[in-house]
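Some notes on the structure that comes next.
The values are calculated or read from the model by the stated rules, or taken from the named source; none is laboratory data. Remember, it's a predicted structure, so these values are computed and weren't measured experimentally. Note: ideal-geometry Cβ built from the backbone for every residue, glycine included; neighbour counts use all protein chains shown.
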Amino acid sequence: MRQKEFVAAHRGGSLSLHHQQQLMNWAIDCVEHVLLLVPGRMPDQRLTHAIHVAKEWKKGNLKTGAAMQAAYGAHAAARDIPDPVWKAIAQSIGQAVSTAHMADHCVGAALYALKAVKQSGGSVAEERAWQDKQMASLPPELTHLVKETRNEKQRGFKDLHC
């Protein structure tokens, strides 16, 4: 069940468009930070496209439907990628762009970014601390909600121990 605080105001929730855009920005930051783990170009153009769409949605230049289509493409790309680090990054990208549709997907972007760090042999605790630091622009109640939700959803990621 989705938390009402993550539901957009136009859908009967309490989340403003501005706050949803802030969550999208944080999700994109999480994705772009783990892109530093892998040298070279992205293995699939659908991933590059999805990041572009997420940024354009955040600016108000694209509708949610375009973001949903880009998310479907990113998740399809993830299924096609054999490398575990790239697969986790692709899943993170798919979740990030999905934030346009349902804001709580930003948490999925962060968790898959943590999974990419784990798969690459990096420190999950350090990445999690970095993610927390990036939340500085969010209002305190939203920061608390994101952290609480990330802790709850992390249970589904058995290989992430922070």
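Out of Lys115, Lys87, Lys133, Lys59, which single residue is of a type in the set (Lys, Arg), out of contact with any strand residue (DSSP E or B) (no Cβ under 6 Å at 6 or more places or on another chain) and within 19 Å of His18 (Cα to Cα)? Residue meeting the stated conditions: Lys59.
Among the residues of the stretch 1-15, which ones are surrounded by 13 or more Cβ atoms within 10 Å (Cβ to Cβ) and in contact with a strand residue (DSSP E or B) (Cβ under 8 Å, 6 or more places away or on another chain)? Listed by number, the residues that qualify are Glu5, Phe6, Val7, Ala8, Leu15.
Before we move on, is Pro39 surrounded by 15 or more Cβ atoms within 10 Å (Cβ to Cβ), modelled with pLDDT under 95 and under 29 Å from Glu126 (Cα atoms)? Considered against the rule, which asks whether it is surrounded by 15 or more Cβ atoms within 10 Å (Cβ to Cβ), modelled with pLDDT under 95 and under 29 Å from Glu126 (Cα atoms), Pro39 comes out as no. Can you spot a residue in the stretch 116-131 that is modelled with pLDDT of 95 or more, within 25 Å of Ala8 (Cβ to Cβ) and in contact with a helix residue (DSSP H, G or I) (Cβ under 6 Å, 6 or more places away or on another chain)? Within the stretch 116-131, one or more residues are modelled with pLDDT of 95 or more, within 25 Å of Ala8 (Cβ to Cβ) and in contact with a helix residue (DSSP H, G or I) (Cβ under 6 Å, 6 or more places away or on another chain). Taking helices (runs of 4 or more DSSP H) as the structural unit, those lying wholly within the stretch 40-145 and holding at least 3 residues that are of a type in the set (Val, Ile, Thr) and out of contact with any Gly (no Cβ under 8 Å at 6 or more places or on another chain) correspond to 45-59, 84-98. Restricting the stretch 16-30 to residues that are in contact (Cβ under 8 Å) with a residue 40 or more places away in the chain and of a type in the set (A, V, I, L, M, F, W, C), the residue that is surrounded by the fewest Cβ atoms within 10 Å (Cβ to Cβ) is Ile28. For Leu47, the criteria (1) over 16 Å from Phe6 (Cβ atoms); (2) modelled with pLDDT of 95 or more; (3) surrounded by fewer than 23 Cβ atoms within 10 Å (Cβ to Cβ); (4) not aromatic (Phe, Trp, Tyr) hold in every case but one, which is (3).
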